[in-house]
1. Report, in whole Å, the centroid distance computed from the Cα atoms of the range 60-134 and the range 181-226.
2. Relative contact order (percent) for the chain, with alpha-carbon contacts under 8 angstrom and 6 or more residues of separation?
3. What does the charge add up to near A337, with Lys and Arg as +1, Asp and Glu as -1, over the other residues with Cβ less than 15 Å from its Cβ?
4. Among V204, A94, C234, whose Cα lies farthest out toward the positive end of the dipole of the chain, if unit charges sit on the beta carbon of Lys, Arg (+1) and Asp, Glu (-1)?
5. Using θ = phi - 60° and the Karplus curve 6.51 cos²θ - 1.76 cosθ + 1.60, what whole-Hz ³J(HN,Hα) does each residue of the range 9-18 get, with Gly and Pro shown as x?
6. Report the relative contact order of the range 11-284, percent, no decimals, based on alpha-carbon pairs under 8 angstrom and at least 6 residues apart.
7. Accessible area of the chain with a 1.4 Å probe: how many percent of it is carbon plus sulfur?
8. Over the range 17-169, what is the relative contact order in whole percent, taking alpha-carbon pairs under 8 Å and six or more residues apart?
Amino acid sequence: MKVEQKKQTEKIYIFDSTLRDGEQTPGARLNREEKLEIARQLARLGVDIIEAGFPVSSPGELKAVQDIARQVKGPVICALARCVREDIDLAWEAVREAARPRIHVFLGASDIHMQYKLQKDPELLLEQAVEAVRHAKRYTNDVEYSPEDATRAREEYLYRLLEAVIKAGATVINIPDTVGYALPPEFGGLIRRLRENVPGMERVTLSVHCHDDLGLAVSNSLAAIENGARQVECNVNGIGERAGNAALEEIVMALYIRRNSYPYHTDVNIGEIYRTSRLVSKLTGIPIPVNKAVIGINAFAHSSGIHQDGVLKKKETYEIIDAELIGGKAAQMFLTARSGRHAVQHQLEQLGFTVSEEQLEEIYTRFLELADKKKEVYPEDLEALVLDHLSAAEPVYSLEYLQTISGTGSIPAAIVRLRKKDDTVVEESATGTGPIDASYNAINKITGLNIDLDKYRIDAVTQGRDALGEVQVKISHEGKTITGRGTSTDIIEASVKAYLNGINKLLVAQS
Ligand code: KIV
Ligand code: ZN
């Protein structure tokens, strides 16, 4: 059925920028292990291109993109660069070991960007764009060019600019609605006119990149597809700069569910959407709104009596997407303290994680500790253990010992002992408004950092009194905001782990 449909319809290439534009969401910083895990999952999801990062932004980012280029097979691996030589050289350094590398260069094209941000003459900038494409082309044939803020640019300038970069060798032309300003008919019209008026456009892939400032990113992307765009740039859960980017799952599912109206298909494996969405949410610390299309927990819940009655009689009365279609109903098999390594490894594989023998040993030890406390270890518990393991990579401080006192009429206090990277151990005690505040005060004394706690959130990973508590914190220090997560059956320990995870990420980012 699917094969037959693909023969008759045109393919839309899915360019995922969760690890680049998505990671620009405030606080969504990921470490190398976390980025690699998300990239592996994106490959399983079947995206065509992974924009793995912006290598010039930090040495850690360069290494993270290199890891992905070396280890993630299947999609094209792309790195972003400004139209300057140093950026392009580093972008190439980052992706050169990929089987199919791409360099993506961008430069402001609207008057407002050229006059105020870049403060350069439009004709000089056009030359700079051409030179950047030529430079990238020395490294790889696959070069994408984006005229930033294209939807507010003068169209006549865009035509000349795009003709010139295509002549210089760009193979993909991406039209960004950088500030989410366009309306769907307007954006569709722009895409159509670019195809009609830019010589050479028929030889390249036309792509779009829409931001969601007016909540129109997905509609704009669909309007662009109808007018000739064949690559869409989008992010899992719609995360991204400011209000985010077009949500990958919404575009893919709109094309799939309405396939009788749209003569297009993607190669996305939609059964992996649910898992990808959860993974990205947990590792970035950005929760999925309950009412989010396709993946929010309310997307499949029916509350009014009339709706419930209708769904019970026939599901399709009020449901257009079956949760199972996107992988939403995982089999509820559980493990116990008697389960061996093999069973744990099997469950990890079912969850989509590939772990080395060394990692399996560490996860198995933590699994046994958890199984001692909890009788039944569910897939969600195991997933939380693995994510903890990934997030704990590169620790500057790790927790050795924690004791807290609290209760009615007593002053909450905590003793915290941390091991530093150089193996020294430091202990401090502090009081606070509660045991968590006291523990955080003790950690601040040890690290000497004056951390602000902007947000604190706790969820139970599964049901029941023995459930794992999962804490996410948003912390900031000297203008940098970062999220941290931690899990434990003891919620104070989970809170301390989340705080330390955030501090470790901050320190690694600053080093
Ligand atoms: O929004 C934007 O313009 C971008 C470009 C780098 C494509 O993210
Ligand atoms: Zn963007």
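The values are calculated or read from the model by the stated rules, or taken from the named source; none is laboratory data. Since this is a predicted model, take the numbers as computed values, not measurements. Reconstructed Cβ throughout: ideal geometry from the backbone, glycine too, with neighbour counts over all protein chains shown. Just so you know, the surface numbers come from the protein's heavy atoms only, side chains and all, with ligands and any DNA or RNA stripped out. Shrake-Rupley method; radii C 1.70, N 1.55, O 1.52, S 1.80 Å.
1. Each part's Cα centre sits 21 Å from the other's.
2. 11 percent
3. Charge balance in the 15 Å sphere: +1.
4. V204
5. Going residue by residue, I get 10, 8, 7, 9, 7, 9, 9, 9, 10, 4 Hz, with x marking Gly and Pro.
6. 21 percent
7. 50 percent
8. About 18 percent, as a whole number.
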